[in-house]
Amino acid sequence: MQISASAVKELREISGCGMMDCKNALVACEGNIEKAVDWLREKGLAKAAKKSGRVAAEGIVESYIHMGGKIGVLVEVNCETDFAAKNEEFIALAHDIALQIAASRPTYVRREEVDANEIAHEREVLMAEALNEPKPKPQNIIEKMVEGRIDKYYKDVCLMEQPFVKNPDITIEQLVNEKISKIGEKISIRRFARFEMGEGLQKREDNFAEEVMGQMNK
C-alpha cells in the first residue's frame, strides 16, 4: 500500500515516533492513523513517544578521537535532567553516537535537515542514470527506482537512519528509542561536527568502520 509523506508526518507529530516506525505502522494499519497510533503503542514504541513533548535541555557534549588525532568528532546529545546526563547508559549512548559519526560519516542528524535543493539535484542525477541504463524501463518503474535510491541516499547521509555500527540490525533511531525506554527521559541528538585531517585518508575509507571498531576493541 502506498503511504503518503503527509500521513507519515501527521502520525509522527501525533506519536513522536520515528519516521520509519510511523510508515510501518501506517502500512500495517492500511493508512488508518488512529489504528496506527494503537499499533505503535502495542509495539512498545509509544513509551518513547510519550516523552517526545518534553524539553531536553540537559545532556553532554561527547568527543571521539581516532588515529592519533586524524579523525575527531564532537556530538551534543540532550536529555531532560542533569541526573540522567550522568547515567552510565546515557554516557555510553553518547559515546556510541560519536563512534557512529566517526565510522559512518553522516552529514545530517535527520532527513528533515537535508536541503531540498540537494535532494532535487540528487533526484535529477539518479533519473539521468536510470534513463541511460542499457535496458530501457517504463517511466513508472524508473520513478520507483529513483525514489528507492533517494531513500538509500537519506540512509547514507542521515545519522538517525544509519545502521548502528555495533549492531547493524538496528538503526541509530531505534537505538535512541531503546535508551529512552530504559532511562525514562526524552533523548535527542541535537548536532555534531566531524573533522578529518590528511589527504592520504582517502584510501582508507572503504574499511574505515572496521578500523574504528578495531581500535575500540583494543
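Residue selection: residue 89 satisfies the criterion of being surrounded by fewer than 14 Cβ atoms within 10 Å (Cβ to Cβ), touching a Lys or Arg at 6+ places or on another chain (Cβ under 7 Å) and at negative phi. What are the residues in the stretch 58-83 that are assigned to a strand (DSSP E or B), surrounded by 14 or more Cβ atoms within 10 Å (Cβ to Cβ) and not hydrophobic (A, V, I, L, M, F, W, C), if any? Answer for the stretch 58-83, where residues must be assigned to a strand (DSSP E or B), surrounded by 14 or more Cβ atoms within 10 Å (Cβ to Cβ) and not hydrophobic (A, V, I, L, M, F, W, C): 58, 59, 62, 64, 66, 72, 76, 78. Anything in the stretch 30-46 that is crowded, with 16+ Cβ neighbours inside 10 Å and of a type in the set (Asp, Glu)? List them, or say none. Matches in the stretch 30-46: none.
Just the residues that are more than 23 Å from residue 56 (Cα to Cα), of a type in the set (A, V, I, L, M, F, W, C) and either at pLDDT 85 or above or touching a Pro at 6+ places or on another chain (Cβ under 9 Å) (or both), please, taken from the stretch 165-208. Correct list: 165, 170, 195.
Yes/no per residue for (1) in the same structural domain as residue 79 (by TED's automatic domain parsing); (2) touching a strand residue (DSSP E or B) at 6+ places or on another chain (Cβ under 8 Å); (3) over 26 Å from residue 71 (Cα atoms):
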site	(1), (2), (3)
128	no, no, yes
140	no, no, yes
163	yes, yes, no
168	yes, no, no
173	yes, no, no
182	yes, no, yes
196	yes, yes, no
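Taking the conditions exactly as written (part of a helix (DSSP H, G or I) and not assigned by TED's automatic domain parsing to the domain that holds residue 192), does residue 13 satisfy them or not? When the stated conditions are applied, residue 13 passes them. How many of the residues in the stretch 1-10 are free of Cβ contacts under 8 Å to residues at least 12 places away in the same chain and either buried (at least 19 other Cβ atoms within 10 Å of the Cβ) or in a loop (DSSP other than H, G, I, E, B) (or both)? Residues in the stretch 1-10 being free of Cβ contacts under 8 Å to residues at least 12 places away in the same chain and either buried (at least 19 other Cβ atoms within 10 Å of the Cβ) or in a loop (DSSP other than H, G, I, E, B) (or both): 2 in total.
The values are calculated or read from the model by the stated rules, or taken from the named source; none is laboratory data. All values derive from a computational prediction rather than experimental measurement. Glycine gets a Cβ as well: all are built from the backbone with ideal geometry, and neighbour counts include every protein chain shown.
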